[in-house]
Amino acid sequence: DIVWYFRSFWGWEDFNYYLRFVSILCMFFGVTTYMFSQSKGYESLLGTVSGVSEALLSLPQCIRNFQRKSTKGVTIVLVAFWVFGDAFKMYYFYSENGPLQLFLCSTF
């Protein structure tokens, strides 16, 4: 069942399983990046995927806050670093003429 999979994906039974998964994921992307290092399309795809995934990092927290109807547990320091970090990334992508998709991801 796909719903069960997504709900339990991060519920690792053992830390070693987590380390194994992260190691395999890093090796996969390392080998793939090496193989396609000269491809502008792959570079753009990798940048887009990383930008979108980084932009969506706060989504689980936002959903939890919405469900709880509260922001209890979320510190102002976390929010401030998040906002300032995204503002600096947005400035960097704009000033360096970065790809449009990364600029757009940094505005989210």
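The values are calculated or read from the model by the stated rules, or taken from the named source; none is laboratory data. Fair warning: this is a prediction, and the values are worked out from it, not measured in the lab. Heads up, the Cβs are rebuilt from the backbone with ideal geometry, glycines too, and the neighbour counts pull from every protein chain shown. Areas reflect the complete protein model, heavy atoms only, side chains present, ligands, DNA and RNA absent. Shrake-Rupley method; radii C 1.70, N 1.55, O 1.52, S 1.80 Å.
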Surrounding charge for GLY47, neighbours by C-beta under 15 angstrom, Lys/Arg +1, Asp/Glu -1, total -1
Percent carbon-and-sulfur accessible area, the chain, ignoring ligands, DNA and RNA, probe 1.4 Å: 70
For the chain, what relative contact order do you get, as a whole percent, if you take Cα pairs closer than 8 Å and at least 6 residues apart? 24
Might you tell me the accessible area per residue for the stretch 1-104, computed with a 1.4 Å probe and given in Å²? 87
Here, the chain modelled as identical Cα point scatterers in vacuum has Debye log10 I(q)/I(0) at q = 0.23 Å⁻¹ of -1.20
With a ≥ b ≥ c taken as the square roots of the eigenvalues of the C-alpha gyration tensor of the stretch 18-75, please select rounded if a/c is under 1.5 and otherwise prolate if a/b is larger than b/c or oblate if it is not? oblate
